[in-house]
Structures are given as C-alpha cells and as structure tokens.
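Q: Please read through the structure below; I'll follow up with questions.
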Amino acid sequence: MTADGDGKEVVFQRVGVDPMDEVLSVLDEAAQWLNTHGISQWPARFEAAWVEEAILRGETWLVTTGDKVAGTVTMDWSDPLWTDADAAGYVHRMAVRRWASGLGVCILDWAADAAQQRAAKYLRLDCVKSNDRLRAYYEARGFAHRGDVPVGGAPGQRLEDGPVTWVSRYELALPRA
C-alpha cells in the first residue's frame, strides 16, 4: 500500500478515455497555478488531443487519496529528448491538485517502482529551464541534471515547429533489482 503524508491510501488508476476530463481538470488547475505564479511550465489550458494518445496507450494514471482525485501522471517508455538506447521510464504531465500539495514525492516513488518493474535503468523527466523551484525539487529528490534542450510548440508540447521552449532534462539512476 502506498500512503500520502497524512497516512491515507494512495491509489494509482490507469485512465481510460472516459475520465479524460478529470485528467484535464487536474492539469488545468496545475497550469493555472503555475501561470499565476509567473511560471511558463505549461499552457494555460490543456487540449484533449495533447493527452489522448498517452491515454489510449495506457500510460496515463489518475492518483486518488481519500477517494478524491488528487493528481495525474503519465509514464512513457520513450522520449525523443533522449537519444540513447538505455532502458528508462519517462515521467510526463505530473500534476497534483493544490489541496494535495506534497503528493509529488509519492508519485515519483511510484514511477520509480514502475520503471524498475520494467527493468529500466533510469527514471527521467524534464521541466522548463526557467522553473528554478521545480528544478531544485527534482535535484533534492536525487535527480541529476542531464542538460538543456530546445523543444518546439507551446510549453508542455513536443512539436517539430512553433515557438521554442528550453527544457532541462533530469535523470534518476534506479537501483538494480
């Protein structure tokens, strides 16, 4: 059993297409908070098309605690920002509702476990280069900075064109089983 900081059970439920609105609601709440605080991590609102493919692949999860949706996370198994062939799990679109602040630690632990179960060597993620607070959070959790790279599209997207956003890549070496 996984528990949050208050000792409540934390449940990770794979998302189907039906609860997509709940995923978007969590992402939009987090995006609004970021934008209100001057952080251009994500667009003001997420479009369903931006999350639909990951949901259809079974890579997006809702995180509940106390029978309430507290967050969401997508676990991908490849990412074009990383060109090596090392086996890794990639955390994308991790967000928690404001009332569940602090749940990120639990989500990252779950993601590391999920990656280890697939024999991954690393857990990887990224954030906009200018988000110093989030970068410090990842580094405090043991993630090592692995360089900054440009990506196309609005923050949070991966497009071949559009505006360019610089993101910082982070990697956590996973213990061998």
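The values are calculated or read from the model by the stated rules, or taken from the named source; none is laboratory data. Predicted model, so just to flag it, every value in this text is computed and none were measured. Positions of Cβ are generated from backbone atoms using ideal geometry, with glycine treated the same way; all protein chains shown enter the neighbour counts. Accessible surface areas use protein heavy atoms only, side chains included; no ligands, DNA or RNA. Shrake-Rupley method; radii C 1.70, N 1.55, O 1.52, S 1.80 Å.
Q: Reported to two decimal places, what Rg/Rh ratio describes segment 64-160 when computed on Cα atoms with Rh from the Kirkwood expression?
A: That ratio is 0.95, to two decimals.
Q: With a 1.4 Å probe and every protein chain left in place, tell me how much accessible area HIS145 has, in Å² to the nearest 10.
A: Taking all protein chains as shown, HIS145 has close to 70 Å².
Q: Let me ask you something else. Over the alpha carbons of the chain, what is the largest minus smallest coordinate on each principal axis, giving the biggest first in Å?
A: The Cα atoms of the chain stretch 40, 39, 31 Å along the principal axes, largest first.
Q: Placing +1 at every Lys and Arg Cβ and -1 at every Asp and Glu Cβ, with all other atoms neutral, what dipole size does the chain have around its Cα centre, in debye to the nearest 20?
A: Charge dipole, the chain, about its Cα centre: 460 debye, nearest 20.
Q: Sequence neighbours fewer than 8 away in the same chain don't count; with that in mind, list the lysines whose C-alpha is under 25 Å from LYS68.
A: LYS8
Q: Stretched out fully, how many nm does the piece from GLU139 to ASP84 gain, at 0.36 nm a residue minus the Cα gap? All intermediate terms of the calculation are to be shown ahead of the outcome.
A: Numbers: separation 55, 0.36 × 55 = 19.80 nm, distance 2.16 nm.
Value of the extension gain: 17.6 nm.
Q: Next question. Can you work out the PRE-style zone for ARG57? Point 7 Å along Cα to Cβ, and I want the residues of segment 67-96 with backbone N under 13 Å.
A: Within reach of a label on ARG57, which here means backbone N under 13 Å from a point 7 Å along Cα→Cβ, segment 67-96 contributes 74-82, 88-93.
Q: Given N residues in segment 27-109, what is Rg(Cα) / (2.2 N^0.38 Å)?
A: Numbers: Rg = 13.6 Å, N = 83, 2.2 N^0.38 = 11.8 Å.
In units of the globular-protein estimate, segment 27-109 measures up at 1.16.
Q: Summing Lys, Arg as +1 and Asp, Glu as -1, what charge do residues with Cβ under 14 Å from the Cβ of ALA95 carry, ALA95 excluded?
A: On the way: positive: ARG45, ARG93, ARG97, ARG98; negative: GLU22, ASP28, GLU29.
After counting each charged neighbour, the total is +1.
Q: Continuing with this model, one more query. Hey, rough spin-label estimate for ALA173 and ASP76, points 7 angstrom out along Cα→Cβ, what's it come to in nanometres?
A: Distance between label points: 2.5 nm.
Q: Let me ask another. Post the alpha-carbon centroid distance, segment 23-37 to segment 73-108, in whole angstrom.
A: Segment 23-37 and segment 73-108 have Cα centres spaced 16 Å from each other.
Q: What residues have an amide H closer than 5 Å to that of PHE46, excluding those fewer than 5 places away on the same chain, when H is modeled at 1.01 Å from N in the peptide plane?
A: Result for PHE46 returns ASP28.
Q: What's the carbon and sulfur percent of segment 67-177's accessible surface, probe 1.4 angstrom, rounded to a whole number?
A: With neighbouring chains kept in place, the figure for segment 67-177 is 50 percent.
Q: In whole Hz and in residue order, list the ³J(HN,Hα) couplings for segment 113-123 that follow from phi through the Karplus curve 6.51 cos²θ - 1.76 cosθ + 1.60, θ = phi - 60°; x for Gly and Pro.
A: Rounded to whole hertz, the list is 4, 4, 5, 4, 4, 9, 6, 6, 7, 9, 10.
Q: Something else: I'd like to check one number: the per residue accessible area of segment 92-156, probe 1.4 Å, reported in Å² as a whole number.
A: 46
Q: Still on this structure, I have one more. With a Förster radius of 25 Å, plug the Cβ-Cβ distance of GLU9 and GLN117 into 1/(1 + (r/R0)^6) and report the FRET value to the nearest 0.05.
A: The value I calculate is 0.80.
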